[in-house]
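Chemist: The structure follows.
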């Protein structure tokens, strides 16, 4: 929501790296460039406000960083890619599973009308809620809970984004997708993981596309 002048150059270098990686991975992802709205959302979120003090020097590096309790803040390119694959409009209502420190949540909040976010680790959920409120994100609701079941009371969603790897796609999330919506989720495939997009068409049919190999922390239950 607000830029810190002393980190503007770092942020622009991060965005250049993201653009370069979109071009390099275009054959796999089908996306030759990052959507301008996604780039602007990333530009608007101060990533250094979401990383621990000891990681401040790497806040805008294109890499995942530890945030404590065995969790990480995702690589900026991956945040951009997953957000682009979600393909949501400004009036969308989105579910995020895996709030973490709230960085991906903030990027989504820059783009859509409302974000509902679930975090299984209570201290992380509480910290993220305070951080997001302090940064002025009034269109975010964070709740402590098990993401496997989604958030049925607020369904259906115009997009669902999962930031942890599941052994299989949780069917409650699939059922909470609105017609025309996408579910973006890392899924275990043997000893590896793949980023998958499940699309519910207007007629209700569901299609899955596996995009690229990824490495995420596992999706856990309460």
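The values are calculated or read from the model by the stated rules, or taken from the named source; none is laboratory data. Since we're looking at a predicted model, the values are computed, not measured. Positions of Cβ are backbone-derived with ideal geometry, glycine not excepted, and every protein chain shown enters the neighbour counts.
Chemist: I'd like to know if region 88-107 contains one or more residues that are surrounded by 16 or more Cβ atoms within 10 Å (Cβ to Cβ), free of Cβ contacts under 8 Å to residues at least 40 places away in the same chain and closer than 30 Å to residue 156 by Cβ. Can you show your working first?
Modeler: Let us first name the residues in region 88-107 that are surrounded by 16 or more Cβ atoms within 10 Å (Cβ to Cβ), namely 88, 92-107.
Next cut, free of Cβ contacts under 8 Å to residues at least 40 places away in the same chain only: 105.
Of the ones still in play, those that are also closer than 30 Å to residue 156 by Cβ are 105.
Yes: one or more hits.
Chemist: Against the condition within 23 Å of residue 136 (Cα to Cα), in contact with a helix residue (DSSP H, G or I) (Cβ under 9 Å, 6 or more places away or on another chain), modelled with pLDDT of 95 or more and surrounded by 13 or more Cβ atoms within 10 Å (Cβ to Cβ), how does residue 18 come out, does it pass?
Modeler: no
Chemist: Now for a different question. Can you tell me which residue among 141, 110 is at pLDDT 95 or above and either crowded, with 19+ Cβ neighbours inside 10 Å or assigned to a helix (DSSP H, G or I) (or both)?
Modeler: 110
Chemist: Okay, moving on. Based on this model, can you work out whether residue 33 counts as surrounded by fewer than 17 Cβ atoms within 10 Å (Cβ to Cβ) and out of contact with any helix residue (DSSP H, G or I) (no Cβ under 6 Å at 6 or more places or on another chain)?
Modeler: Working: surrounded by fewer than 17 Cβ atoms within 10 Å (Cβ to Cβ): yes; out of contact with any helix residue (DSSP H, G or I) (no Cβ under 6 Å at 6 or more places or on another chain): no.
It is false that residue 33 is surrounded by fewer than 17 Cβ atoms within 10 Å (Cβ to Cβ) and out of contact with any helix residue (DSSP H, G or I) (no Cβ under 6 Å at 6 or more places or on another chain).
Chemist: In region 205-222, how many residues are farther than 20 Å from residue 78 by Cα and in contact with a strand residue (DSSP E or B) (Cβ under 8 Å, 6 or more places away or on another chain)? Please lay out each step first, then the result.
Modeler: Kept after step one, since they are farther than 20 Å from residue 78 by Cα, are these residues of region 205-222: 205-207, 220-222.
In the following step, the residues that additionally are in contact with a strand residue (DSSP E or B) (Cβ under 8 Å, 6 or more places away or on another chain) were identified as 206-207.
Number satisfying all stated conditions: 2.
Chemist: Can you pull out every residue in region 155-175 that is closer than 26 Å to residue 72 by Cβ, outside any strand (DSSP E or B) and touching a residue at least 60 places away in the same chain (Cβ under 8 Å)?
Modeler: Start the filter on region 155-175 by keeping residues that are closer than 26 Å to residue 72 by Cβ, which leaves 157, 159-170, 172-174.
Narrowing the set further to residues that are outside any strand (DSSP E or B) leaves 163-164, 167-170, 172-174.
Residues satisfying the conditions are 163, 164, 173.
Chemist: Ok, one more. Can you tell me which of (1) closer than 15 Å to residue 167 by Cα; (2) buried (at least 16 other Cβ atoms within 10 Å of the Cβ); (3) more than 15 Å from the chain's Cα centre (by Cα) is the one residue 210 doesn't meet?
Modeler: Answer for residue 210: the failing condition is (2).
Chemist: Looking only at region 37-81, which residues are on the phi < 0 side of the Ramachandran plot and assigned to a loop (DSSP other than H, G, I, E, B)? Break it down into steps so the answer makes sense when it comes.
Modeler: Keep residues of region 37-81 that are on the phi < 0 side of the Ramachandran plot, which gives 37-67, 71-81.
The answer is 45, 46, 51, 52, 59, 60, 61, 62, 63, 64, 74, 75.
Chemist: Looking for whichever is at pLDDT below 95, in contact with a strand residue (DSSP E or B) (Cβ under 7 Å, 6 or more places away or on another chain) and either part of a strand (DSSP E or B) or under 21 Å from residue 28 (Cα atoms) (or both) here; the options are 188, 202, 178. Which one fits?
Modeler: Working: 202 fails: either part of a strand (DSSP E or B) or under 21 Å from residue 28 (Cα atoms) (or both); 178 fails: at pLDDT below 95.
The unique qualifying residue is 188.
Chemist: Separate question: Report yes if residue 200 is surrounded by 15 or more Cβ atoms within 10 Å (Cβ to Cβ), in contact (Cβ under 8 Å) with a residue 12 or more places away in the chain, over 17 Å from the mean Cα position of the chain (by Cα) and farther than 20 Å from residue 107 by Cβ, otherwise no.
Modeler: Working: surrounded by 15 or more Cβ atoms within 10 Å (Cβ to Cβ): yes; in contact (Cβ under 8 Å) with a residue 12 or more places away in the chain: yes; over 17 Å from the mean Cα position of the chain (by Cα): yes; farther than 20 Å from residue 107 by Cβ: yes.
The answer is yes for residue 200.
Chemist: Considering every residue within region 48-60, establish whether at least one is touching a helix residue (DSSP H, G or I) at 6+ places or on another chain (Cβ under 8 Å), more than 27 Å from residue 126 (Cβ to Cβ), surrounded by fewer than 19 Cβ atoms within 10 Å (Cβ to Cβ) and modelled with pLDDT of 95 or more.
Modeler: no
Listed here are the residues, each with its yes/no results for (1) crowded, with 21+ Cβ neighbours inside 10 Å; (2) in contact with a helix residue (DSSP H, G or I) (Cβ under 7 Å, 6 or more places away or on another chain); (3) farther than 13 Å from residue 147 by Cβ.
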| site | (1), (2), (3) |
| --- | --- |
| 163 | yes, yes, no |
| 188 | no, no, yes |
| 204 | no, no, yes |
| 215 | no, no, yes |
| 222 | no, no, no |
